[in-house]
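The values are calculated or read from the model by the stated rules, or taken from the named source; none is laboratory data. Model, not experiment: these values are computed from the prediction. Note that we place each Cβ from the backbone using ideal geometry, even for glycine, and neighbour counts take in every protein chain shown.
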Amino acid sequence: MSDAASSVLTRLFWARSKLNGLAYQQTIWQEQNESNLNSRATNVDPDKVLSAAREMKEAAEASVKVATEAETTAVCLHSDSKVTLDLTNLDKLVDMARTPHSYIRAANMWGVTVMEASAAQLDLIGALTACSLHAVEKKKAMNVVSESLRAYTRLASATAAFAVLALQQTEFEEQTAQKQLAIQEQ
(Lines give C-alpha, C1' and ligand atoms only; values in the text may rest on other atoms or scores of the structure.)
Protein backbone atom coordinates (compact mmCIF):
# COMPACT_ATOMS: atom_id res chain seq x y z
CA MET A 1 0.00 0.00 0.00
CA SER A 2 1.36 3.42 -0.89
CA ASP A 3 2.02 6.15 1.66
CA ALA A 4 -0.84 8.15 0.11
CA ALA A 5 -3.29 5.27 0.51
CA SER A 6 -2.09 4.69 4.06
CA SER A 7 -2.55 8.39 4.81
CA VAL A 8 -6.08 8.39 3.38
CA LEU A 9 -6.98 5.25 5.33
CA THR A 10 -5.62 6.79 8.52
CA ARG A 11 -7.51 10.06 7.96
CA LEU A 12 -10.71 8.14 7.27
CA PHE A 13 -10.18 6.09 10.41
CA TRP A 14 -9.67 9.18 12.59
CA ALA A 15 -12.67 10.99 11.09
CA ARG A 16 -14.93 8.00 11.73
CA SER A 17 -13.49 7.54 15.21
CA LYS A 18 -14.15 11.20 16.00
CA LEU A 19 -17.76 10.88 14.82
CA ASN A 20 -18.29 7.71 16.85
CA GLY A 21 -16.68 9.36 19.87
CA LEU A 22 -19.05 12.31 19.62
CA ALA A 23 -22.04 9.97 19.28
CA TYR A 24 -20.82 8.11 22.34
CA GLN A 25 -20.42 11.31 24.38
CA GLN A 26 -23.82 12.61 23.27
CA THR A 27 -25.53 9.35 24.16
CA ILE A 28 -23.94 9.26 27.61
CA TRP A 29 -24.99 12.87 28.22
CA GLN A 30 -28.55 12.19 27.12
CA GLU A 31 -28.86 9.04 29.22
CA GLN A 32 -27.55 10.88 32.28
CA ASN A 33 -29.77 13.92 31.77
CA GLU A 34 -32.97 12.14 30.86
CA SER A 35 -33.82 10.61 34.19
CA ASN A 36 -37.35 9.96 32.96
CA LEU A 37 -36.07 7.57 30.32
CA ASN A 38 -37.68 4.20 30.79
CA SER A 39 -34.74 2.14 32.02
CA ARG A 40 -36.11 -0.99 30.36
CA ALA A 41 -36.89 0.59 26.98
CA THR A 42 -35.15 -1.22 24.19
CA ASN A 43 -35.59 -1.41 20.48
CA VAL A 44 -32.69 -3.62 19.53
CA ASP A 45 -33.05 -7.36 19.84
CA PRO A 46 -30.40 -8.62 22.33
CA ASP A 47 -29.81 -11.63 20.06
CA LYS A 48 -28.82 -9.28 17.24
CA VAL A 49 -26.53 -7.38 19.62
CA LEU A 50 -25.02 -10.66 20.79
CA SER A 51 -24.43 -11.86 17.24
CA ALA A 52 -22.94 -8.55 16.11
CA ALA A 53 -20.79 -8.28 19.24
CA ARG A 54 -19.45 -11.81 18.77
CA GLU A 55 -18.56 -11.08 15.16
CA MET A 56 -16.84 -7.86 16.18
CA LYS A 57 -14.91 -9.68 18.91
CA GLU A 58 -13.79 -12.43 16.53
CA ALA A 59 -12.75 -9.82 13.97
CA ALA A 60 -10.85 -7.83 16.62
CA GLU A 61 -9.06 -10.96 17.83
CA ALA A 62 -8.13 -11.82 14.22
CA SER A 63 -6.77 -8.30 13.80
CA VAL A 64 -4.44 -8.80 16.76
CA LYS A 65 -3.07 -11.95 15.14
CA VAL A 66 -2.37 -10.08 11.91
CA ALA A 67 -0.82 -7.10 13.71
CA THR A 68 1.34 -9.48 15.76
CA GLU A 69 2.42 -11.23 12.56
CA ALA A 70 3.47 -7.86 11.13
CA GLU A 71 5.51 -7.19 14.27
CA THR A 72 7.32 -10.52 13.92
CA THR A 73 7.95 -10.31 10.17
CA ALA A 74 11.55 -9.28 9.61
CA VAL A 75 11.00 -7.25 6.42
CA CYS A 76 8.22 -5.13 7.96
CA LEU A 77 8.98 -1.88 9.73
CA HIS A 78 8.62 -2.17 13.48
CA SER A 79 7.30 0.23 16.06
CA ASP A 80 8.18 0.44 19.72
CA SER A 81 4.65 -0.43 20.80
CA LYS A 82 3.54 -4.02 21.03
CA VAL A 83 0.06 -5.07 20.02
CA THR A 84 -2.28 -5.43 22.97
CA LEU A 85 -6.04 -5.27 22.79
CA ASP A 86 -8.38 -4.91 25.74
CA LEU A 87 -11.81 -6.36 24.94
CA THR A 88 -13.19 -5.97 28.47
CA ASN A 89 -16.15 -3.77 27.47
CA LEU A 90 -16.99 -6.00 24.54
CA ASP A 91 -16.92 -9.06 26.83
CA LYS A 92 -19.25 -7.29 29.28
CA LEU A 93 -21.60 -6.39 26.45
CA VAL A 94 -21.67 -10.00 25.24
CA ASP A 95 -22.50 -11.12 28.80
CA MET A 96 -25.31 -8.53 29.05
CA ALA A 97 -26.74 -9.61 25.69
CA ARG A 98 -26.75 -13.25 26.83
CA THR A 99 -28.84 -12.39 29.90
CA PRO A 100 -32.58 -12.87 29.29
CA HIS A 101 -34.60 -9.61 29.30
CA SER A 102 -31.42 -7.59 29.42
CA TYR A 103 -31.37 -3.92 28.56
CA ILE A 104 -28.35 -2.66 26.72
CA ARG A 105 -27.99 1.11 26.70
CA ALA A 106 -26.86 2.77 23.50
CA ALA A 107 -23.91 4.33 25.34
CA ASN A 108 -22.57 0.87 26.16
CA MET A 109 -22.82 -0.07 22.51
CA TRP A 110 -21.13 3.11 21.27
CA GLY A 111 -18.39 2.68 23.86
CA VAL A 112 -17.43 -0.67 22.40
CA THR A 113 -17.21 0.67 18.84
CA VAL A 114 -15.32 3.78 19.93
CA MET A 115 -12.79 2.18 22.23
CA GLU A 116 -12.18 -1.42 21.35
CA ALA A 117 -12.99 -1.75 17.66
CA SER A 118 -11.17 1.47 16.85
CA ALA A 119 -8.03 0.27 18.63
CA ALA A 120 -8.08 -2.95 16.62
CA GLN A 121 -8.54 -1.03 13.37
CA LEU A 122 -5.63 1.21 14.24
CA ASP A 123 -3.45 -1.86 14.82
CA LEU A 124 -4.39 -3.11 11.35
CA ILE A 125 -3.55 0.22 9.75
CA GLY A 126 -0.18 -0.06 11.48
CA ALA A 127 0.33 -3.57 10.09
CA LEU A 128 -0.59 -2.39 6.59
CA THR A 129 1.80 0.52 6.80
CA ALA A 130 4.61 -1.55 8.31
CA CYS A 131 4.64 -4.20 5.60
CA SER A 132 3.52 -2.27 2.53
CA LEU A 133 7.02 -1.01 1.75
CA HIS A 134 8.28 -4.50 0.93
CA ALA A 135 5.02 -6.10 -0.19
CA VAL A 136 6.00 -6.08 -3.87
CA GLU A 137 9.35 -7.78 -3.41
CA LYS A 138 8.84 -9.99 -0.35
CA LYS A 139 6.15 -12.67 -0.30
CA LYS A 140 5.87 -12.68 3.50
CA ALA A 141 5.23 -8.92 3.56
CA MET A 142 2.65 -9.30 0.78
CA ASN A 143 0.89 -12.02 2.77
CA VAL A 144 0.75 -9.78 5.86
CA VAL A 145 -0.62 -6.90 3.78
CA SER A 146 -3.26 -9.18 2.23
CA GLU A 147 -4.24 -10.60 5.62
CA SER A 148 -4.35 -7.08 7.07
CA LEU A 149 -6.70 -5.90 4.32
CA ARG A 150 -8.99 -8.92 4.82
CA ALA A 151 -8.98 -8.46 8.60
CA TYR A 152 -9.60 -4.72 8.27
CA THR A 153 -12.51 -5.30 5.91
CA ARG A 154 -14.01 -7.90 8.25
CA LEU A 155 -13.58 -5.69 11.31
CA ALA A 156 -14.92 -2.60 9.55
CA SER A 157 -17.94 -4.58 8.37
CA ALA A 158 -18.62 -5.98 11.84
CA THR A 159 -18.18 -2.55 13.42
CA ALA A 160 -20.53 -0.94 10.90
CA ALA A 161 -23.21 -3.57 11.52
CA PHE A 162 -22.84 -3.06 15.26
CA ALA A 163 -22.95 0.73 14.89
CA VAL A 164 -26.28 0.43 13.04
CA LEU A 165 -27.73 -1.37 16.08
CA ALA A 166 -26.25 1.28 18.40
CA LEU A 167 -27.81 4.00 16.27
CA GLN A 168 -31.20 2.26 16.33
CA GLN A 169 -31.05 2.04 20.11
CA THR A 170 -29.94 5.67 20.40
CA GLU A 171 -32.84 6.85 18.22
CA PHE A 172 -35.28 4.73 20.20
CA GLU A 173 -34.03 6.12 23.52
CA GLU A 174 -34.35 9.68 22.18
CA GLN A 175 -37.89 9.06 20.90
CA THR A 176 -38.93 7.44 24.18
CA ALA A 177 -37.58 10.41 26.14
CA GLN A 178 -39.37 12.88 23.85
CA LYS A 179 -42.66 10.99 24.23
CA GLN A 180 -42.33 10.91 28.00
CA LEU A 181 -41.52 14.60 28.08
CA ALA A 182 -44.60 15.38 25.92
CA ILE A 183 -46.79 13.34 28.28
CA GLN A 184 -45.42 15.19 31.31
CA GLU A 185 -46.04 18.57 29.69
CA GLN A 186 -49.72 17.75 29.12
Which number in (1) at pLDDT 85 or above; (2) of a type in the set (A, V, I, L, M, F, W, C); (3) more than 19 Å from Ala67 (Cα to Cα) marks the one condition that Ala177 misses? (1)
Write out, first by first residue and then by second, each pair whose Cβ atoms fall under 6 Å of each other, whose residues are 6+ apart or on separate chains, and whose first residue, in the stretch 46-72, is touching a residue at least 40 places away in the same chain (Cβ under 8 Å) while the second is surrounded by fewer than 24 Cβ atoms within 10 Å (Cβ to Cβ) and acidic (Asp, Glu). Val66/Glu147
For the structure I just gave you, tell me whether Thr84 is polar (S, T, N, Q), loosely packed, with under 13 Cβ neighbours inside 10 Å and at pLDDT below 80. yes
Filter result (surrounded by 14 or more Cβ atoms within 10 Å (Cβ to Cβ) and either among the basic types (Lys, Arg) or in contact with a Cys (Cβ under 9 Å, 6 or more places away or on another chain) (or both)) within the stretch 153-186: Arg154
Single condition Thr153 does not satisfy, out of (1) β-branched (Val, Ile, Thr); (2) touching a helix residue (DSSP H, G or I) at 6+ places or on another chain (Cβ under 8 Å); (3) in a helix (DSSP H, G or I); (4) without any contact (Cβ under 8 Å) to a residue 60 or more places away in the chain: (2)
Filter the stretch 168-186 down to residues that are of a type in the set (Asp, Glu) and within 15 Å of Trp29 (Cα to Cα) and give me whichever is nearest to the chain's Cα centre (by Cα). Glu171
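Name every residue in the stretch 109-168 that is aromatic (Phe, Trp, Tyr) and over 15 Å from Val66 (Cα atoms), in order of residue number.
Start the filter on the stretch 109-168 by keeping residues that are aromatic (Phe, Trp, Tyr), which leaves 110, 152, 162.
Hits for the stretch 109-168 are Trp110, Phe162.
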Would you pick out the residues in the stretch 109-152 that are of a type in the set (S, T, N, Q), buried (at least 22 other Cβ atoms within 10 Å of the Cβ) and within 25 Å of Asp91 (Cα to Cα)? Thr113, Gln121, Ser148
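Okay, residues lined up against (1) of a type in the set (A, V, I, L, M); (2) in contact with a Ser or Thr (Cβ under 8 Å, 6 or more places away or on another chain):
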position	(1), (2)
Thr72	no, no
Leu87	yes, no
Arg98	no, no
Leu124	yes, yes
Ala141	yes, yes
Glu173	no, yes
Gln180	no, no
